[in-house]
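Written below as structure tokens is the structure these notes are about.
The values are calculated or read from the model by the stated rules, or taken from the named source; none is laboratory data. Keep in mind it's a predicted model, so treat the numbers as computed, not measured. Every residue, glycine as well, gets a Cβ built from its backbone with ideal geometry; the counts of neighbours run over all protein chains shown. Calculation scope for accessible area: heavy atoms of the full protein, side chains included, ligands and nucleic acids excluded. Shrake-Rupley method; radii C 1.70, N 1.55, O 1.52, S 1.80 Å.
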Amino acid sequence: MTLLVEDIHKSFGGVQAVAGVSLSVQAGELLALIGPNGAGKSTCFNMLNGQLRPDRGRIVLKGQDIAGLPPRRIWRMGVGRTFQITATFASMSVLENVQMALLSHAHRLFDIWNPVRREDPARAMALLERVGMAAQAGRPCGVLAYGDLKRVELAIALANDPALLLMDEPTAGMAPSERVALMELTAGIARNSGIAVLFTEHDMEVVFAHADRILVLDRGRPIAEGEPAQVRADPRVREVYLGTGATHGIA
Amino acid sequence: MFENLLVQGLSGLASASSLFLVASGLTVIFGVTRIVNFAHGSLYMMGAYLSWTLVTALPRGHLGFWGGVLVAALIVGVIGVLIEVLLLRRIYKAPELFQLLGTFGVVLIVQDVALMIWGPQDLLGPRAPGLRGAVEILGVRFPLYELFLIAVGPVVLGLLWLLFHRTRWGTTVRAATADREMVGALGVNQRMLFTTVFFLGSVLAGLGGALQLPRESVNLQMDLAIIAEAFVVVVIGGLGSLPGAFLAALLLGQLQAFGILIFPKITLVLAFLVMAVVLVVRPHGLLGRPPASAHAAHVVEPPYPPATPLVRYLGFAALALAVLVPPFMGEFALIVFTEIAIMVLFAASLHFIMGPGGMASFGHAAYFGLGAYGAALLAKHFAAPMELGLFAAPLMAGFAGVVFGWFCVRLSGVYAAMLTLAFAQIAWSTAFQWVEVTGGDNGILGVWPSAWAQPKLVYYYLALVLCVGVTLLLRRAIFAPFGYALRAGRDSPLRAEAIGMDGFRIRWVAFIFAAIAAGVAGGLFAYAKGSVFPTYMAIPRSVDALLMVLLGGVQTVSGPIVGALAYTWIHEQLMRSFDLWRLFLGSVIVALVLFFPQGLVGAAQRLTERRK
Amino acid sequence: MLEVEGLHAHYGRAHILQGVTLAARQGEVVALLGRNGAGKSTTMKSIMGMVRPSQGQVRFEGRDLAGREPFEIARAGIGYVPEERRIFTELTVMENLDVGRRPPRPGQQAWTEERVFALFPSLGAMRARPGGRMSGGEQQMLTIGRTLMGNPRLILLDEPSEGLAPVIIERMADAILALKRDGLTVLLSEQNLHFARLVSDRACVLEKGQIRWEGTLEALMADEAVKQQYLVA
């Protein structure tokens, strides 16, 4: 089991944002976390990536408890992330963005002598190749199209050979066609390299097409978990989240 | 005993009220326009001067006095509107530091204008009619006017609160504080809104100045004295928070009042010390909130291209000139050249944290000055030779960088800039007030180079080698993984942390590097001048460094070098040619902010790009 | 009512809009469809004056508004609901609505807080709550209500379904249909085709800064080629 979460809780000023969520993700598996706005998805996510410390509960990555560690430590233990709104270094080229992750992985950030320009680009290029961005390696990230930025983020997230990928609304802000392409790419990489993927998502087409399992939250608590077909048929999930299906084409 | 404490406490309350009047205007203006208005102190000074003129010209009595005070405040409001319409309105989209500098330009202009109109002597105003006497409190006489002032603060706070929470104008202003563009899209003319807010803030500053008339003499130092304190109050309270400003004014008023009883020497440092402590505990002030980053204008910084062949040739040519020409120059020119070399390093050191690091420092002179003092103190107390002194300079500055930097790099934006300013003021006042060790205002004299370096030409080459060497080292670091990591933290802290970077440590180390480099510059400066004074660490020198960096262009690698050359030259020319050099320098700054927001190198880059 | 003709706009050196031409008639709901980056948001911001168009015309009720300030355009009767919602987080629901208030035109039935609460009942239950303490769906309702308080005759709705749960999106669709029944004209930018189909009369498909296809939603749903080329593939 790559990731095992047991009964985590978090409250803010008396408001219980997450009240007892447990989940697990295996290598090569895609688990989707869905639910209405304010259900606690983001809070859950931020506890997993280290931005928040759970009040209670365990978060176990490959046998080690990571609850409460800062994000950079969690990254070094093999967790890659992509953000809801892409976060890249806008003043650097696509290649340099990936190289930064590699330099950080090699503990070389305090090198003040060797120009980055003379680094061997082979590994970074290989990563960009994997996400189909090699052709744009020299362009500054500040001018890329949104869908391409998402791919760069994926390449950065893969730079330290992660065991787990956390993707917060990976297709938010993308056109439907790009969504499908990005998730197919992600699913392929995850299955081939044995990476566990946990993602939140509002696009039900993406969720039902790519998730192996789905966990539905409402008001900080899990209300359903299972394979897509099971979850889709669940009357409670329909009531609090999915609705009639008129707006997502999945009934 | 108790009576004395009570009187002291009441005096503290009266000072707090005055301070609050000025600070409230500053914080209201900041809240809406996001401009840190350095010229707010100048508006306060104008209020005092104008009320002096009106009150002395008008017939004596209630109407003459109070009428004069109110009319003075209103005139200041109009002056504020003029500043807003002519200057600030054009730079609302410029980076914070540019706005700060633009308003500093206004400070310089107002200083010389006031000098021309009212002359250099202190002016004494009449006392307030009806409030001339004193009352007896527990057997101690206490001036009535002070009691009146104590009441003014809470009354103004209450009126402002009603204005902002019970009128539609106030609600709109609060909405604009969060998101001006959206307010515009809802049909509100935000230009008018900003102008009215600026009017209100300026009137408050003018009123604060005018009400000082019966308390103290009116002079040309009022502006910078009050602005430093008002900044402290606003920052402690939390930028944009009125109740915060009130609380901070009370706190500071009391601390000053009692501090003077217990430890008179600490008064200059006290305000800044309190600010440093508050910011460490609460990074956004007592009642401030973190800025809503959700819709802060997102600035994408340009990439740093490696030097083009042209830039490289220009660099080599400049260096060749710097090496080959001086043997044929006179003493005075050598002194100027030495100073320019030192300023290039000073500017480059500030640029290192400002450009790639994205951290604004308003107190970089501290490290320059501490470098100079490091060398001079060794020379004075241990008769150490220059070689040792030049080694001690970066050590001392670097040590200060370690300590101060640890606090400063935790904050961002205006708060970080203010904290750097606070530490610089602490360093400055220590040098100023610890007379036994530092010689206070008289400085330390007789800091001369070793015999071999005494000839001006030899010392010039020494300075050149050290300055160019360290500057190139900083440049090398910018293009190495460390410089990239620094930029990474600036571009996206979230992403940097998510790929294992410790942003705090990276910024801290960069801060220390910058301090060490500034220390080298300061040490060289001390031996070049043969003396060291507290002014080496004062606000104007920090502003010099900022001007050099901004003049050249923050987001260019060669900017600080060009900026230092240009600025030192302009400054030299102005000081030599004009009595009213402040007026000219201020105008140059305002022009720079208005017409060259990317700096000289940035403008040159745009030109060459357009030609392609 | 609204006629946009040959609209060009730039962001820095990027030429985002390359001659957008579209129109909306009184009481119509027009959907602006297209991929991310096609120029939907920029079209809306250019109509609103928040991005200054470099060329072209924006005629509204006969007046050319291109190049005017956003506040003038808002006063002319166009309301804008941004994609990011941009609620004033420190202000309460009532205060948010108050900021949006503008006098109605003679003869127009004015929007009031009560009328907004009738449209979005859940807002009425949280009048004193600060905007920052509302869920995404509630904020979306508030931002629409705030714009309605300005008594616009046309509203620009930028991706109202983005990031919302399907059940909330359904409520949003009901609200838009109610506004349409009141005679309001709506220009809607959308990525969710299912949602657009529920509420719109016509669609304009935007790609690389130009309108490439125009027609009814039924025609669009039937035209696999267009869907493949501009929306799905």
Item checked: Selection within segment B:1-33 - open to solvent by 40 Å² or more (accessible area, probe 1.4 Å) and touching a Leu at 6+ places or on another chain (Cβ under 9 Å) -> B:Phe2, B:Glu3, B:Asn4, B:Leu5, B:Leu6, B:Gln8, B:Leu13, B:Ser15
Item checked: Number of positions in segment A:111-141 that are of a type in the set (Val, Ile, Thr) and either away from chain B (no Cβ under 14 Å) or exposed (fewer than 15 other Cβ atoms within 10 Å of the Cβ) (or both) -> 1
Next item on the list: Among the helices (runs of 4 or more DSSP H) lying completely within segment A:122-223, list those that include at least 3 residues that are over 30 Å from B:Pro305 (Cα atoms) and in contact (Cβ under 8 Å) with a residue 40 or more places away in the chain.
Entry: A:176-193, A:204-210
Notebook entry, point to check: Failed condition for C:Ile155, given (1) of a type outside the set (Gly, Ala, Ser); (2) open to solvent by less than 10 Å² (accessible area, probe 1.4 Å); (3) facing another protein chain (nearest Cβ under 9 Å); (4) not in a helix (DSSP H, G or I), with all others met?
Noted result: (3)
Note to self: Looking only at segment A:227-251, filter to residues that are open to solvent by 10 Å² or more (accessible area, probe 1.4 Å) and in contact with a strand residue (DSSP E or B) (Cβ under 7 Å, 6 or more places away or on another chain); which one of those is nearest to the other protein chains (Cβ to nearest Cβ)?
What the structure shows: A:Val240
Note to self: Can you report the number of residues in segment A:43-55 which are open to solvent by less than 20 Å² (accessible area, probe 1.4 Å), of a type outside the set (Gly, Ala, Ser) and under 26 Å from B:Arg505 (Cα atoms)?
What the structure shows: 5
Next item on the list: Look at segment B:534-557 and say how many of its residues are open to solvent by 30 Å² or more (accessible area, probe 1.4 Å) and polar (S, T, N, Q).
Entry: 2
Item checked: Lone qualifier among B:Met501, B:Met418 - being buried (at least 18 other Cβ atoms within 10 Å of the Cβ) and within 14 Å of another protein chain (Cβ to nearest Cβ) -> B:Met501
Item checked: Residue tally, condition assigned to a loop (DSSP other than H, G, I, E, B), in contact (Cβ under 8 Å) with a residue 12 or more places away in the chain and either of a type in the set (Phe, Trp, Tyr) or surrounded by fewer than 24 Cβ atoms within 10 Å (Cβ to Cβ) (or both), over segment B:213-234 -> 5
Notebook entry, point to check: Does segment C:57-90 hold any residues that are of a type outside the set (Lys, Arg), within 13 Å of chain B (Cβ to nearest Cβ) and out of contact with any Asp or Glu (no Cβ under 8 Å at 6 or more places or on another chain), and which are they?
Noted result: C:Glu69, C:Phe71, C:Glu72, C:Ile73, C:Ala74, C:Ile78, C:Gly79, C:Glu84, C:Ile87, C:Thr89, C:Glu90
Checklist line | When residues of segment A:1-22 are limited to those that are open to solvent by 50 Å² or more (accessible area, probe 1.4 Å) and within 14 Å of chain C (Cβ to nearest Cβ), the one nearest to A:Asp234 (Cα to Cα) | finding: A:Val15
Check: Do you know which of the residues in segment C:21-39 that are within 17 Å of C:His8 (Cβ to Cβ) and outside any loop (DSSP other than H, G, I, E, B) is farthest from the chain's Cα centre (by Cα)?
Finding: C:Thr21
Notebook entry, point to check: Where in segment A:23-110 are the helices (runs of 4 or more DSSP H), entirely inside, with at least 2 residues that are more than 26 Å from A:Arg236 (Cβ to Cβ) and of a type in the set (S, T, N, Q)?
Noted result: A:94-105
Next item on the list: Find the helices (runs of 4 or more DSSP H) located wholly in segment B:1-89 whose residues include 2 or more that are more than 29 Å from B:Trp169 (Cβ to Cβ) and modelled with pLDDT of 95 or more, and list them.
Entry: B:40-57
Next item on the list: Kindly list, by first and then second residue, each pair from a residue in segment C:136-148 that is more than 14 Å from chain A (Cβ to nearest Cβ) to a residue that is hydroxyl-bearing (Ser, Thr, Tyr) and open to solvent by 10 Å² or more (accessible area, probe 1.4 Å), limited to pairs with Cβ atoms under 8 Å and residues at least 6 apart or on different chains.
Entry: none
Note to self: Condition check: part of a loop (DSSP other than H, G, I, E, B) and under 19 Å from B:Gly170 (Cα atoms). Does C:Phe71 satisfy that?
What the structure shows: no
Item checked: Matching entry among C:Arg75, C:Arg25, C:Arg35, C:Arg63 (being out of contact with any Leu (no Cβ under 8 Å at 6 or more places or on another chain), farther than 29 Å from C:Arg115 by Cα and either in contact (Cβ under 8 Å) with a residue 24 or more places away in the chain or open to solvent by 30 Å² or more (accessible area, probe 1.4 Å) (or both)) -> C:Arg63
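To keep it simple, each residue is scored yes or no on (1) surrounded by 19 or more Cβ atoms within 10 Å (Cβ to Cβ); (2) among the polar types (S, T, N, Q).
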| site | (1), (2) |
| --- | --- |
| B:Asn442 | no, yes |
| B:Leu445 | no, no |
| B:Ser450 | no, yes |
| B:Gln454 | no, yes |
| B:Ala463 | yes, no |
| B:Thr471 | yes, yes |
| B:Arg476 | no, no |
Item checked: Hey, A:Ala90 modelled with pLDDT under 95, surrounded by 21 or more Cβ atoms within 10 Å (Cβ to Cβ) and small (Gly, Ala, Ser) or not -> yes
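Go through the residues of segment C:97-107 one by one and say whether even a single one is in contact (Cβ under 8 Å) with a residue 60 or more places away in the chain, within 30 Å of C:Leu7 (Cα to Cα), assigned to a loop (DSSP other than H, G, I, E, B) and not acidic (Asp, Glu).
No, segment C:97-107 contains no residue that is in contact (Cβ under 8 Å) with a residue 60 or more places away in the chain, within 30 Å of C:Leu7 (Cα to Cα), assigned to a loop (DSSP other than H, G, I, E, B) and not acidic (Asp, Glu).
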Note to self: Quick check on segment C:186-222: of everything there that is of a type in the set (S, T, N, Q) and under 20 Å from C:Ala173 (Cβ atoms), which residue is surrounded by the most Cβ atoms within 10 Å (Cβ to Cβ)?
What the structure shows: C:Ser189
Check: Just checking, which of A:Arg58, A:Arg73 is in contact with an Asp or Glu (Cβ under 7 Å, 6 or more places away or on another chain) and open to solvent by 30 Å² or more (accessible area, probe 1.4 Å)?
Finding: A:Arg58
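With B:Arg312, B:Arg289 as the choices, which residue is basic (Lys, Arg), closer than 23 Å to B:Trp406 by Cα and either open to solvent by 60 Å² or more (accessible area, probe 1.4 Å) or modelled with pLDDT of 85 or more (or both)? Reasoning before the result, please.
Values: B:Arg312 fails: closer than 23 Å to B:Trp406 by Cα.
Within the list B:Arg312, B:Arg289, the selection yields B:Arg289.
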Notebook entry, point to check: If you check B:Phe263, B:Phe246, B:Phe258, B:Phe272, which single one turns out to be buried (at least 24 other Cβ atoms within 10 Å of the Cβ), modelled with pLDDT under 95 and not assigned by TED's automatic domain parsing to the domain that holds B:Val81?
Noted result: B:Phe272
Next item on the list: Within segment B:59-93, count every residue that is surrounded by fewer than 17 Cβ atoms within 10 Å (Cβ to Cβ) and either among the basic types (Lys, Arg) or within 22 Å of B:Val543 (Cβ to Cβ) (or both).
Entry: 6
Next item on the list: Answer yes or no: is there a residue in segment B:208-230 that is closer than 22 Å to B:Phe272 by Cα and β-branched (Val, Ile, Thr).
Entry: yes
